[in-house]
Amino acid sequence: MAAQIWGSEKRARRRREISAKIAQMPELHDSKPLPFMTREEKIMESARKLTILTEKMGQIIDPTDPAELYHLNNEVLGLEGNPMALHGVMFIPALSAQASDEQQAKWLPRALRREIIGTYAQTELGHGTNLQNLETTATYDLATQEFVLHTPQITALKWWPGNLGKSSNYAVVVAHMIIKAKNYGPHPFMVQLRDEKTHEPLPGITIGDIGPKMAYNIVDNGFLGFNKYRIPRTNLLMRHTKVEADGTYIKPPHAKINYSAMVHVRAYMLTGQAIMLASALNIATRYSSVRRQGQIDKSQPEVKVLEYQTQQHRLFPSIARAYAFQFAGAETVKLYEHVLKEMKSGNVSLMADLHALTSGLKSVVTYQTGEGIEQARMACGGHGYSMASYISEIYGVAIGGCTYEGENMVMLLQLARYLVKSAALVKSGQSSKLGPLVAYLGVKSEPTSLIDRIPNSGFTEYVKTFQHVSKRQTLKAADMFFGLMEKGEKREIAWNKCSVELNRASRLHTRLFIVEAFVRRVNEIADIRIKEALTDLLHLHVNYELLDIASYALEDGFLSASQLDYIRDQVYLYLGKIRPNAVSLLDSWEFSDIELRSVLGRRDGNVYENLFKWAKSSPLNKTDVLSSVTQYLKPMMEKARL
Ligand SMILES: CCCCC/C=C/C(=O)SCCNC(=O)CCNC(=O)[C@H](O)C(C)(C)COP(=O)(O)OP(=O)(O)OC[C@H]1O[C@@H](n2cnc3c(N)ncnc32)[C@H](O)[C@@H]1OP(=O)(O)O
Ligand SMILES: Cc1cc2nc3c(=O)[nH]c(=O)nc-3n(C[C@H](O)[C@H](O)[C@H](O)COP(=O)(O)OP(=O)(O)OC[C@H]3O[C@@H](n4cnc5c(N)ncnc54)[C@H](O)[C@@H]3O)c2cc1C
């Protein structure tokens, strides 16, 4: 199963080997539980481990393999981030995709050797989503052949970029490029922020940390202002766009090609989300098979809470989602790598499809991951609320994904633009022009669902039902939009008035893609035992998901009430079938105790003794009487007693 999850037996084996090596290197372990550290201590601890990793990485992993590096980071540095998180996630990808060969030769080797630390600085205090209204400017000075970066007012301060505040000395900065008073829109520039020797901010740069966040606090998300700060013309990233010495602008082959670093993260973050969801579920499911509370049959002893159907219903559909996200994520990364290769050689024809797909997936996956993690926390009762479970930290980090790389509603609306265009093709009889991801929009469906009506139909009738609801909602939302415009409404106003319906279409389309990706993977599996276990999980997935969106299929009578009863019964049937495999389905992800950082989710199940040990190690327990008591509470009580 681990081979299915991680992509191959070799990958699964390598992960195991890496975890085993790390287990033998105490210098790479947290020196004390992270929840007992201040933010400064956590950052220090992370930097300590990061430097050891930089030295010893070659002994532990193949540093050229991104999957091994990712695993190493997860184990040693953890999900709260690290001082170089953005360096690998966005700085290097931005340089790789947007810098010319000559620029790459100059900067990439230094970045890869970690001689410099970089980030991606785009969002500002006043604008994040609406890139066209960013305010930072890069004005070309023909006389000196330099760009002058400037922050015209407080809202133009860069705000949020990870590791910008304290760690990075370089950044890819997105600014409006102005040449001879003409604004060419947002473009990426390579900018040095700090002195390489002293790490002091360079003159003309104002920089700092934006303060503590809901989670992800090892990352120093930062602010940045420029006061007429000059950089050479050749620091504009010039793989796709060029500015010649005389100010001549050579436009890129696609208007949005400079957005590729964002698409990179949107494609790769699905796997990260799946891992966080599976981690939280692993903790909650293990704990649920240790925790005994109440009886189902009063004549029997107390049961493990995992025996309760409500507990299974809370956890198992999310286990199925974690697998589904992992499989859909693997497909998306493959597609991204393919599109990136094509883009580098000038073929930009697939960018729109990839943008639509990743926009929808990013939004649905982060939202459902958040839901699943929160349910996992509640499934652990009181101990889930304790930082000893570590689930609240996982939740805080995971739901950041609903916001970064494009706020979810906004990104769903990006997919909706693509769906509406596709609907227009269908309506104008041009279905043959539909891309493969939306081809189903042009296919006539049966009048009613055949779920429960055709024996041994596998998952086909389920997929057709998801296709039906997605198609119907897309056409309905598009009709609403076109209808408003026909009535004379301006395009943008009509769009806003339909946006809730449009986003519903985007969600349904994305959920269909996830279901199909799961089906495709299960169909490929040769090992009969693995196929059987995953088929059970897929049964739970399709029935649970369909029940969740049933109103769309009921409103036009595509599904009947009796079919709905059947689907509901199937959910209960598969909850029971999955129960014996539940812990193994999560243990198969092979997270080590070091990586999970959870007292509740320990592999050995020795929860209570370790919870007590953990609590005793709380800094509050260093003394029996706290100074807050001596200074305030004790005098108060004494006064009251007089
Ligand atoms: C491990 C944790 C690390 C966390 C790191 C986090 C990093 C960050 O958060 S970095 C900052 C991320 N910021 C965003 O994601 C901002 C979100 N906003 C946008 O992406 C854009 O502003 C937009 C896509 C919402 C709109 O862009 P805009 O330039 O204003 O576009 P227009 O409205 O003019 O045109 C839309 C048009 O463009 C197509 N399009 C947009 N993006 C892409 C793309 N990447 N690839 C291909 N095509 C793209 C879009 O499909 C529309 O096409 P048409 O419908 O044909 O007009
Ligand atoms: C943990 C974290 C890490 C980050 N890291 C980075 C980084 O490394 N580099 C970087 O540059 N940025 C980074 N960001 C910033 C992030 O990319 C932005 O916060 C994000 O893109 C959302 O933009 P916003 O903050 O402007 O939200 P807003 O756009 O102000 O969103 C507020 C509300 O308005 C709604 N809204 C906005 N526009 C529309 C619209 N057109 N239609 C409908 N609804 C709309 C949204 O749906 C939302 O409900 C990070 C943010 C976080 C939380």
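The numbers here are math on the coordinates, done by the rules we state, and not lab data. Owing to the predicted nature of the structure, the values given are computational and were not obtained by experimental measurement. No Cβ is skipped: glycine too gets one built from the backbone with ideal geometry, and neighbour counts run over all protein chains shown.
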**OP:** Could you tell me, in Å, what Rg and Dmax come out for the Cα atoms of segment 151-223?
**Re:** 13.7, 44
**OP:** Report, in deg cm²/dmol and to the nearest 500, the calculated mean residue ellipticity at 222 nm for the chain, where each DSSP H run with n ≥ 4 adds -39500 (n - 2.57) and the sum is divided by the residue count.
**Re:** -17000 deg cm²/dmol
Original post:
Quick one: Karplus J couplings for segment 349-362, per residue in order, coefficients 6.51, -1.76, 1.60, θ = phi - 60°, nearest Hz, x for Gly and Pro?
Top reply: 5, 9, 4, 5, 4, 5, 4, 5, 4, 5, 5, x, 5, 4
Subject >> 17 Å tail of the calculated P(r), segment 2-82, as % of Cα pairs >> reply: 46
Subject >> Fewest-first sequence of 167, 499 by Cβ atoms within 10 Å of each Cβ >> reply: 499, 167
Original post:
Quick one: which of 21/49; 158/197; 421/444 span more than 22 angstrom between C-alpha atoms?
Top reply: 158/197
Original post:
Given H placed 1.01 Å from N in the peptide plane, which residues other than close sequence neighbours of residue 209 have an amide H under 5 Å from its amide H?
Top reply: 223
Original post:
Based on Cα positions only, what radius of gyration and what Dmax would you give for segment 116-252, in angstroms?
Top reply: 14.6, 48
**OP:** Step through the table entries 180/256; 32/166; 298/577; 304/531; 362/476; 42/344, compare each Cα-Cα distance with 30 Å, and write down the pairs that go over it.
**Re:** 42/344
Original post:
Given a cut-off of under 8 Å on Cα pairs at least six residues apart, what relative contact order in percent is computed for the chain?
Top reply: 13
Subject >> Mean Cβ neighbour count within 10 Å, used as a protection proxy, ranking 356-365, 390-399, 134-143 highest first >> reply: 356-365, 390-399, 134-143
**OP:** Could you tell me what fraction of 2.2 N^0.38 Å the Cα radius of gyration of segment 440-494 comes to, as a two-decimal ratio?
**Re:** 1.58
Subject >> Gyration tensor (Cα) of the chain, equivalent ellipsoid semi-axes in angstrom >> reply: 40, 37, 23
Original post:
Which Cα, out of 346, 425, 401, lies furthest along the positive dipole direction of segment 314-442 (beta carbon charges, K/R +1, D/E -1)?
Top reply: 425
**OP:** Sum up the charges of everything whose Cβ sits under 15 Å from the Cβ of residue 199, counting Lys and Arg as +1 and Asp and Glu as -1, but leave residue 199 out.
**Re:** -2
Subject >> Nearby aspartates and glutamates by direct alpha-carbon distance to residue 616 (threshold 17 angstrom, same-chain neighbours under 8 apart not counted) >> reply: 624
